[in-house]
Structures are given as structure tokens and as C-alpha cells.
Amino acid sequence: MKQSQSVLSCYAADLFGIASALYELGGLVVMHDASGCNSTYSTHDEPRWYDTPSMVYISGLNEIDTVQGNDSRLIDHIAEAAEETHPNFIAVGGSPLPNAIGTDFRALARLVERRTGIPTLGFRTDGIHSYLAGAGEAFLAIARRFVKDPAARSEVSDTGDSSVQSFNEKGMDDAALLDDGGMTGRSTMTIWGEGKGRLMSADFVDTGTCKEGKRHIKVNLIGATPLDFSVVGNVVEMKKILREHALELVSCWAMGSSFEEIEASARADVNCVISSTGFPAAKYLKEAYRIPYVIGIPIGASGIRRWIRQIEMAAGERVEEKNRESARTKAGKSAGEKSNPSLLTGLDAWKAGELSPDQAELLIIGEPVCLASMKAYLEAEHGLSKIRLLCPFPDAPKELTAQMNLVTVEDAIREECKKARYVLADPIYARLMPGEPEKFLPLPHEAFSGRFYRDQIPRFVGGGLSPTPLERLLQTL
Amino acid sequence: MICEEEIRPRPVKAAAVDRSGCETTMGEAQFSTPFHEGLKYGAPARGSWTIAHSPMLIPECHEIYVCCPCCLHGVVLSAEEIPGGFDRFSMVTVSNENLIKGDLEQMMIDGVADIIRKLPKRPRCVECFTSCIQHFLHMDIKLVYRRLREEFPDIDFIDGYMIPTLQRKFSPDALGRRQLTRAILKLPPVPRSIGLGINYYPLDRRSELVEMFEASGWTVRDFAALKTYEDYRQLGSVEANLYFLPNGKPAAQELEKRLGQEAVYAPYSWNFEEIRENYVRLAQKFRLILPDCDALREECENALLLLKEEIGQTPIVLDAAATPRVLSLARLLVGQGFSVRAVYADAFLPEEEADFNWLKLHAPTLKARAIEHYKMRLLPRTEAKEAGKLIAIGQKAAYFTGTSHFVNLIENGAEEGAGQGRDRSPHPTILYGYRGILRLADLMRAAYRQESDVPAIIQQKAWGCRG
């Protein structure tokens, strides 16, 4: 039975990804639900909740409004709060019941915006997709709606429509070019390889159609949420690495940057996608502003070197300034939309993947960008080989999972764990291997186990994985 | 190691709001809902139990949630945080495919059966939880349980519901408590046995209520103190059930209707006269020996007098999660001369109207403050600092005022003694009657004298719950 989970948890849902991504940006974020979603998010997924007064609320959806399809109470309540608090924007998404009755959040956003005069984002969430899709759509919406064209700073988006439903499937075809495994020579993604002609990992650099540029590189970090990085200093460490290499941080989406800094993101020469959640926005910014992107997390000294080199390479090929300033054409914007199919509309949630019969020395389970970067680090600095990556997210961007097994079914994950000599994953996965604690290496993931193992989450950016689990691993290999 | 720069990022500024709409005075407040309903905020005070925790009261019961991921993520991690909780918890994930295909019944039957077969030990009881989406789409729940009972005749199935959107008849908490009784079956009545339920904490055995029954030869079976599944089954043999709060009423009525066990209300009260009336009523009904209420009252008044001499006019705030009868407690404290500053509650129970009217008359400047109102997220939590010292009774009151002097009281339950520590496995018991007031006085004195690590304590989920 694919959908039964005897011992595993499930990942944070799309709504929580949206709230987490937008948490620090001064918006009014509303989950259209009766009660539980807000408590779940704020208890387990949001370490900033106690002291950082972000406006994330629940609507208090009730039965009669659901039956009658009555959105007016929701709109009234949002307008009431917005008029008092003057948020930078309003964002609203729904839980399973609004999804079941087909609540049109795009229309709802228009109504709220018309009434309040405040930019409003509507998300077609369903409480079923993962936080990757939710946070990804949130960052994408921010990119589409609020990032200012450096060439036309006064320009204001006029659509009021940040819904994700307008994307078509053509973009998915483009994205599939990743599978060719090498430089495509087109404005599509290339996989970066290094040494001995092998692919190091799924670390990517997409230079688009960029041309040679000059130094003083400005970058955005895109895809930072506590769901992937917790609050143990990983994001701060990334910023420090940039500073130490004389790179200028324009903005960090979205931990530690103001809304205004995010708005100015198009000043950057390169976008650094540090989790899957940043990927849709980076793709859009490439299409709209010709900003190339690099995908990966700098783990270990080798990871830092690689990351910086890729940023410099991407920046070096960036589009000439005058081209970029005029880049936000209708064609560019349109292309940005088309190349970003919604992650929230996929239906195939249960995947057993095409499992390899081979034994793996090490199986790593988690978020795709982290997986790929961790693999590169372990191969480069610890000489590990036969590392297999398992992505448990059915809605992860397909471009990022080409080098890994996509497996969401508990029994199938258990089988993969059995085949591996060691497993590096969130501690909850250890329950798939009762009686084999020696083969499990914990790497807590806040989006999966919430706050429960937060004090064990390592600062893996920069210096690499904390020595304790690694030492164990290396001693035995 | 937590990074301060990440957990408390600088760019986030709270919008400046005033207190209009989320604060009023008792003199001006309307009964029973003093505040306008709007967007809701969830304060990070987590001690109250949720639907993921209450089934843990039934020994050897395994919980299986059949819901969408947004619901599952919360309940599974809530169970995870309870010592031993995760071993009693599994889930079946509803996805969009099921909604489109309309195979909700089959997926639940298959999923639950699959989990039961894989469990290392066969559970005596399984409480399955379905969510709003299945009921909104009219899943045939009777069919599901019929099939499951046919396949697993040795297991008692309980139909649990996590349906916060669909609460026409019962609140989620009241419904949750009621369903816990569903596997109690009729047994031959055992004379002089009484059930207490359904509370999340056991009643303090030292309370005069327990004394009254036991002194008269009664066996007291407390739902919150069950040790084995047999203990749970034995609840089918009691003559009557006492319930203490309105949310326990549907459970008691269910047992009355199904098993013929009389439901008797013995409300939590902080009012000396009401406590006496309760005891007189119970003594007459069950032929019990009435305790010396005058002496007990005098003992309480002396204890409160001594307490007042020590804490003087230190402001006190209290919340409705600490005790269901929050206005009754406010009335007691005001009546004894304490400086009660504010009561946090989004609504008051119907049975509190007399206390409400008394406070309106005798403490018209006492503040009534909302808990869930959206502005409560934004108002500064500096009241304790400004007051110098402030005692909070309840986790939410402590959070909103920023005090470190607080009584960790949740639904009338508190740790034994004056414990305010961070122990993850405390043993709270219920404060009830006169001796409940005596214990409260001790707890308030301890709170006045000692500071607590409030953030560490109140963020723990389901205080006192065990798997």
C-alpha cells in the first residue's frame, strides 16, 4: 500500500513553505483553513515564531462558508487586518477543503487587492503538495511581482496576479534538456562537471545567453528558509563566504534581507539557488533579467571553491549591462512565465522510483540541492564513492532530480535503506532500520522532523558536515 | 547551536497597532464573546493537549491518521514530541488522486490494514482519524469500519475525527473526548464504582472529592489514570460518570445513552459556595459523607490571606487555557483582594455568566483580552517588565505579558508540588475543590518567589502527555 506510513513522518506542506518563504518580508500571510495549519506551521516548522512578529494568520474557515463557497468573510477579515497593519503585500493560500471546492485564489487575490490597494498574491495550494512547491511558488511570485527592473525602477507590475495557474507545460519540455548531461550551448541548463570528465553532482550553473562581463560580482541567495537550513547559522555562513570572496550580497531570499533588498534583486549578476525552493524564481529571473544562476550549497572547502568559481564563471558570462537593462521585455517576461510550470499542479504523488539493484556505500535522503552538494563534498573531500541519492519529494523540480532516485513510498525507501551500507538522513528515517543503529548517520531536516531534532542540526555549510557522524562513517569505510 | 541572527532577523518589524478590538474592560465587555472575530493568531504556548495526544490516554491504543499532508505533518510531529508517542502513531496520506478517483474508502481500508499488519505488536485498540476532506466528500465511513472490523475482529476500532471545519454539533475537543469512549462496552455493573472523565490529567487523589467517594467504599476509575487496556474496558462497569467541564459532556452523555451510566456534572469551580453545593449534591446522590466544607473554606481563606500578605498588590493575569472557569478564578482572586489585572479569553462559557456579571459589577476596570485576535501577534509583550513583577496563571497569559513568574496551570492541571521545571515528563494532576484552591495558593507563592524559563516550558507540546 503506497500511501501508508507506519513509521515515517511527512514533509511540511505547501502552505507552510509559502509562510516560511515570506516570513521576513513584512507581508500579511493568510492560510485559509479552520485551525490546524497555523498551529502545525508555527509549532514545528517556524523557529522564528516566538520572537519575530511576522503576520501569519489562519482564516478560521467554517463549514457554512465552505458549503456556500462564501469568500466574503475571508476578504472582509483580510481587509480589516490589512487596513490596520499596512503590510508590504498580502498572500493567501488554502488547505484541502478550499482546494476541493475549487476556491479561485487568483480571483480572490484580485478582489482583496482592489479593496485594499495592497499587492496581493493568491496561491493555489492544497495542503497536499510539499513545502518545496509552496516556497518555490512564493519566491516565484515575489520575483514576478516585486523585483524591480534596474532599468526602469519606477515600473510597477500591473497584473495583480501572482497565481501560478497561468503556466503551461511547455516549460517542462525545455527543462528536460538537463538530461543531456552536458553543455547545451543554448540558454538552457548545463550540468557542471569537473575532473576526470565525470559529473560531480547535480551542482549546476546556468549561464543562459550571458556574455562576457566585468568583476565586482553581485549575487542573490535564493531559496533560504529554516525548513531547509534551520536557524543554526547555515545561511549566515553562506553570506560570510561571499563576503570573504569579495562578492556583494544584494539579497537573500528570504532570511535576513528586507523587502526592499529583495525588490532590488535584479541588480545582481548571479543568482545562487541554494535549495529547490529557489529554482523557479531563479529561472524566472534568468528569463526576465538575464541573470544567470548557480545551483548548489558550499559544503566543505572544495564546495566553497567550486561555488565561488561557478559564481565567477556565471558572472563573467553575464549579459552586458545595456542588454540587461532592456531585458525585461514582454518576451522575456513571457518566457519566464512559460518556463515555470507550477509545481503545485502535479498529481503523481506516489513514486517508487526506478530502484537500482546495486548496493550503495552510502544512501543520502533529502532535498535535491542539498543531496547533490553533500554528495559532491563527500566524494571530493572524503573519497567516498557509490553514493546514492534519494529524493522523497514527488513535486521537486524535475530538472534537479535527474541524478537521483525519486522515491516517496515508505516500503520502497525501506528497501533502499536495506541495500545501503550507510544511510545519511533525518533521524526519523532510522525507524526504517530497527536494530541497525550503526548504519544510520543522522542529518536532521527541519521540514521533516520539525523542531524535534533542531539542536542536532549541524552547520553543514562551509566547514562541511559536523565531524561526529562523518568520523563514524570514515572509520568504518 | 541556534544562530541569533537567523532566529531573530532584524528586518522584521511589527506593525504598530493599538489595543482596540482585542482588549476591553469587564465593565464594557459583552457576554459571551467580547471580541470581534477576524484573522486568527496562534500564540506559541503549546501546553494544551490536541487530538494527537488525547488517544494516548487509552493504553495499547494505536492511532492511525488518514488525512492530507498538511494535517498529518502537525499530528505526527506532535506525537513525536511525546515520550513514547511515535510508537503509537501511523498515518495514511490522502492525495489529490484519491479525491479525483473517489476511492477514499478503499484507500483507507487498504492503508489501515497495511499498517496494522506491519505493527510489531497487535494493538488491542485502533483509533483511526478521518479529516474534513473525506467527510465533506461524503466518504462512506460506516463501510470502512465494517470492513476493518471484519478483517480484524480482535481489534476494537474507534472512529476518530479531525474535522475542525465541520463542527456543527461539537467542538473538535469535545468530539475528540467523546470518541475516546467508543470502545467501552457494557459490562455487568460493579456496585459503588464511579468513572471520572474525560480529563487529560488525573484528579489529585488528595482532593476531597476522591476522599468522599473512597471513604464511602466506592471505587474511583479515572480515565486519565488508566494503566492497561483492561482498565479501560472496566470503565464499562461503572454506575455513573462524573464530568468536570462542558467539553466532557458529550462523552458522558454517550456513555449514559449507550451503557446506561448516569452522567453527572461536577464542574470545576473556584467559588466556595458552588464547591459546597456540588459536594452536597454528590453526597445526597451517591450517599457519601460530606466533608467539613466550613473548615476547608476557612483553610483556603487563610492560605489566600497569607499569600496576599506576601505578594501584596503584584498584578495577576490569567488565561482560559489554564482553567475552563477562568472568570470563576478571577472572581475568587478579586474577592480575596488580589490585584487581578487581566483575563485572557476569546469567549466565556455559558455557565460563567454569573461570574461575568459579578466581575462587571465589582471589577469593572479588569481587562478582558483576546487570545487569537490578529493584533495579539503585534502588541508588545513587555507588560511584566513595566510592572516590575507580574504573576501569570496560565501559559498564554505568561507569553503575552512576558513574565517569568508564572503558574503552569493547564485545564486545571499542574505538576505535583510547586514544580515549575522543564521536566519533559511531569506528572500533572487536577486541582479540584477546596484542596485545589490550596494547591493554587502554593503554586502562586512559588511563582512569585521563583522565575521560570517560560519560553522553554510553554513551547513544549501537550504538557504531561505520555505515549
Problem set entry | Identity of the residue in the range B:1-52, part of a strand (DSSP E or B) and more than 10 Å from chain A (Cβ to nearest Cβ), that ends up surrounded by the most Cβ atoms within 10 Å (Cβ to Cβ) | B:GLU23
For this session: Say whether the condition of being crowded, with 21+ Cβ neighbours inside 10 Å, within 14 Å of another protein chain (Cβ to nearest Cβ) and modelled with pLDDT of 90 or more is met by at least one residue in the range A:412-420.
Result: yes
For this session: Filter the range A:430-459 down to the residues that are within 14 Å of A:GLU367 (Cα to Cα) and within 13 Å of another protein chain (Cβ to nearest Cβ), then identify the one that is surrounded by the fewest Cβ atoms within 10 Å (Cβ to Cβ).
Result: A:PRO444
Exercise. If we scan the range B:374-382, do we find a residue that is surrounded by fewer than 24 Cβ atoms within 10 Å (Cβ to Cβ) and either more than 14 Å from chain A (Cβ to nearest Cβ) or among the polar types (S, T, N, Q) (or both)?
Worked result: yes
Problem set entry | Test set (1) in contact with a Ser or Thr (Cβ under 7 Å, 6 or more places away or on another chain); (2) in contact (Cβ under 8 Å) with a residue 60 or more places away in the chain; (3) within 9 Å of another protein chain (Cβ to nearest Cβ) - A:GLU261 fails condition number | (2)
Problem set entry | Enumeration of residues in the range A:389-399 that are hydrophobic (A, V, I, L, M, F, W, C) and either in contact with a Gly (Cβ under 6 Å, 6 or more places away or on another chain) or assigned to a loop (DSSP other than H, G, I, E, B) (or both) | A:PHE393, A:ALA396
For this session: Select the helices (runs of 4 or more DSSP H) contained entirely in the range B:364-460, then report the ones holding at least 2 residues which are at pLDDT 95 or above and over 30 Å from B:VAL17 (Cβ atoms).
Result: B:433-449
Exercise. Is it the case that A:GLY94 is within 30 Å of B:MET139 (Cα to Cα), without any contact (Cβ under 8 Å) to a residue 40 or more places away in the chain and more than 7 Å from chain B (Cβ to nearest Cβ)?
Worked result: no
Exercise. In a helix (DSSP H, G or I) and in contact (Cβ under 8 Å) with a residue 40 or more places away in the chain - does that describe any residue in the range A:381-388?
Worked result: yes
Seminar exercise, completed: How many residues of the range A:232-275 are of a type in the set (Val, Ile, Thr) and in a helix (DSSP H, G or I)? The answer is 4
For this session: Kindly list the number of the only condition in (1) touching a strand residue (DSSP E or B) at 6+ places or on another chain (Cβ under 8 Å); (2) more than 7 Å from every other protein chain (Cβ to nearest Cβ); (3) within 13 Å of A:THR125 (Cβ to Cβ); (4) at pLDDT 95 or above that fails for A:TYR23.
Result: (3)
Exercise. Any residue in the range B:254-276 that is surrounded by 17 or more Cβ atoms within 10 Å (Cβ to Cβ), part of a helix (DSSP H, G or I) and free of Cβ contacts under 8 Å to residues at least 24 places away in the same chain?
Worked result: yes
Exercise. Out of curiosity, is B:MET91 of a type in the set (A, V, I, L, M, F, W, C) and at the interface with chain A (Cβ under 7 Å from one of its Cβ atoms)?
Worked result: yes
Exercise. Could we say that B:SER216 is small (Gly, Ala, Ser) and surrounded by fewer than 18 Cβ atoms within 10 Å (Cβ to Cβ) here?
Worked result: yes
Seminar exercise, completed: Residue hits (the range A:400-409; surrounded by fewer than 24 Cβ atoms within 10 Å (Cβ to Cβ) and not in a loop (DSSP other than H, G, I, E, B)) are A:ASN405, A:LEU406
For this session: Answer yes if at least one residue in the range A:16-23 is over 21 Å from A:ILE222 (Cα atoms) and touching a helix residue (DSSP H, G or I) at 6+ places or on another chain (Cβ under 6 Å), and no otherwise.
Result: no
Exercise. In the range B:277-320, which residues are surrounded by fewer than 18 Cβ atoms within 10 Å (Cβ to Cβ), among the polar types (S, T, N, Q) and within 22 Å of B:LEU245 (Cα to Cα)?
Worked result: B:GLN284
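Under the condition of being facing another protein chain (nearest Cβ under 7 Å) and at pLDDT 95 or above, which residue from the range A:27-48 is nearest to B:PRO120 (Cα to Cα)?
Here the answer is A:PRO47.
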Exercise. Being within 29 Å of A:LEU74 (Cα to Cα) and either modelled with pLDDT of 95 or more or more than 9 Å from chain A (Cβ to nearest Cβ) (or both), is that true of even one residue in the range B:63-75?
Worked result: yes
Exercise. Can you tell me which of B:ALA397, B:ALA447, B:ALA387, B:ALA414 is in contact with a His (Cβ under 6 Å, 6 or more places away or on another chain) and away from chain A (no Cβ under 14 Å)?
Worked result: B:ALA447
Problem set entry | Sole exception among (1) out of contact with any His (no Cβ under 8 Å at 6 or more places or on another chain); (2) in contact (Cβ under 8 Å) with a residue 24 or more places away in the chain for B:LYS142, by number | (2)
Exercise. Going by the conditions given, is B:PRO83 more than 10 Å from every other protein chain (Cβ to nearest Cβ) and farther than 23 Å from B:ILE457 by Cα?
Worked result: no
Problem set entry | Inter-residue pairs, beta-carbon under 8 Å, first in contact (Cβ under 8 Å) with a residue 40 or more places away in the chain and in the range B:344-361, second buried (at least 20 other Cβ atoms within 10 Å of the Cβ) and of a type in the set (Ser, Thr, Tyr), 6+ apart | B:GLU352/B:SER328; B:ASP355/B:SER328
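The values are calculated or read from the model by the stated rules, or taken from the named source; none is laboratory data. If you're wondering where the values come from, they're calculated on a predicted model, not measured in any experiment. Glycine gets a Cβ as well: all are built from the backbone with ideal geometry, and neighbour counts include every protein chain shown.
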